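Asks: Structure provided below as structure tokens; questions to follow.
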Amino acid sequence: MKTIHVSVVTPDGPVYESEVEMVSTRAQSGELGILHGHIPMVAPLQIGAVRLKKASSTELVAVSGGFLEVRPDKVTILAQAAETAEEIDVARAEEARKRAEMRLDSKQDDVDVKRAEIALKRAVNRLDISQRKF
Ligand code: ATP
């Protein structure tokens, strides 16, 4: 099977680079499955998982939004933050989840609800990916 080159890049530097059989992720327009030869496209990504299928394994990368650029032999993901499943600090994500939930439960006027909701999404996404729930 022909492979496709994938790189995941953040402002802090590259996070993942490999040849894979298929890249799957959820764009804002819906689920995407990308194989070698896919038509060129650019799509915004949600907070979620990028699944990278190889011959004998599937790897997961958590992405906190960003963009996906597809060329026939290459996929580039530009994300504000991204971590492979192995890199995720579970205790940190658990703390971030609790903090966001406390802010949302507090109903105080000075809480930026939208910001807390997005932080909660990032934390839950990291926890799900660390437990390979995708
Ligand atoms: P926190 O409140 O714990 O900082 P956050 O969701 O606000 O979480 P981000 O702003 O998305 O964090 O990310 C800041 C940097 O920290 C990025 O480089 C990101 O990859 C890294 N990061 C955040 N949470 C984790 C985690 N649980 N494990 C590993 N790296 C993380």
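Laboratory data are not the source of any read-out in this text; all were calculated from the coordinates shown. This structure is a prediction, so every number in the text was calculated from the model and none was measured. Backbone-built Cβ (ideal geometry, glycine too); neighbour counts: all protein chains shown.
Asks: Can you say whether E31 is over 18 Å from Q131 (Cβ atoms) and without any contact (Cβ under 8 Å) to a residue 12 or more places away in the chain, as far as the supplied structure shows?
Replies: yes
Asks: If you don't mind, another one. I'd like to know if the range 54-68 contains one or more residues that are more than 12 Å from the chain's Cα centre (by Cα), surrounded by 15 or more Cβ atoms within 10 Å (Cβ to Cβ) and touching a residue at least 12 places away in the same chain (Cβ under 8 Å).
Replies: no
Asks: Sticking with this one: So, H36, is that one in contact (Cβ under 8 Å) with a residue 60 or more places away in the chain, more than 14 Å from the ligand (Cβ to nearest atom) and closer than 15 Å to R71 by Cα or not?
Replies: no
Asks: Moving on. So V90 clears everything in (1) out of contact with any Leu (no Cβ under 6 Å at 6 or more places or on another chain); (2) more than 14 Å from the ligand (Cβ to nearest atom) except one condition, right? Which one?
Replies: Of the numbered conditions (1) out of contact with any Leu (no Cβ under 6 Å at 6 or more places or on another chain); (2) more than 14 Å from the ligand (Cβ to nearest atom), the odd one out for V90 is (2).
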